[in-house]
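The values are calculated or read from the model by the stated rules, or taken from the named source; none is laboratory data. Keep in mind the model is a prediction, meaning the values are calculated, not measured. FYI the Cβ positions are ideal-geometry reconstructions off the backbone, even for glycines, and counts take in every protein chain you see.
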């Protein structure tokens, strides 16, 4: 009896072993299938599709035929980007505004300099001097000193003796001389054919022949005028243009 039972157990054992191996094989196959599916998904994700590859090849060929240069996708993508950002635009606007403000300031400074230079082109011969006797070539004016009527080739500007006499324009001191009627005279030659004559100055003038003077420079001092000695103390000023007398007040 015992032998028969052992014989039956021996016969059943191989079947159980075969079932175990079959189950193991099925598990291994399932694992392998899952691994293959995962690998395929990764390959599909990391590599372009055949259709995309074909399209890229067509783009490369067309680009090379048209432009003679190799097609680069990155170049097209880069060209689609905006050239400047909003921040860059705002910064440019601020810079432009700053430049305009700077240009206006510089322009105002230039205009002020020009205005100052224009004012410096001429000056009054006597500071705050009043005209005692005007310029008159056509209508004779009576001379109290000489006792007759005569033309007046210049203007008489009130000033006490010793008052500084200033050049009305820039120029070169042409001569210093003494006239019997006008006393000591300083003659200054200017550009454009102008000449100015400061008559009745003292003999201690500052200017010397050949000196360069600017408008407003002191060149002498008020003295006496023999032909106008009975008049109030003054400077007799004459101006000529191309040798012809003109009204000096048209200059300063």
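Descriptive notes on the structure:
- Flag if residue 156 is touching a helix residue (DSSP H, G or I) at 6+ places or on another chain (Cβ under 9 Å), at pLDDT 95 or above and surrounded by 21 or more Cβ atoms within 10 Å (Cβ to Cβ): yes
- Residue in segment 177-186 that is assigned to a helix (DSSP H, G or I), surrounded by fewer than 21 Cβ atoms within 10 Å (Cβ to Cβ) and modelled with pLDDT of 95 or more present: no
- Some residue of segment 194-204 being surrounded by fewer than 19 Cβ atoms within 10 Å (Cβ to Cβ) and at pLDDT below 95: yes
- Among the residues of segment 129-153, the one identified as touching a helix residue (DSSP H, G or I) at 6+ places or on another chain (Cβ under 7 Å) and buried (at least 19 other Cβ atoms within 10 Å of the Cβ) is 135.
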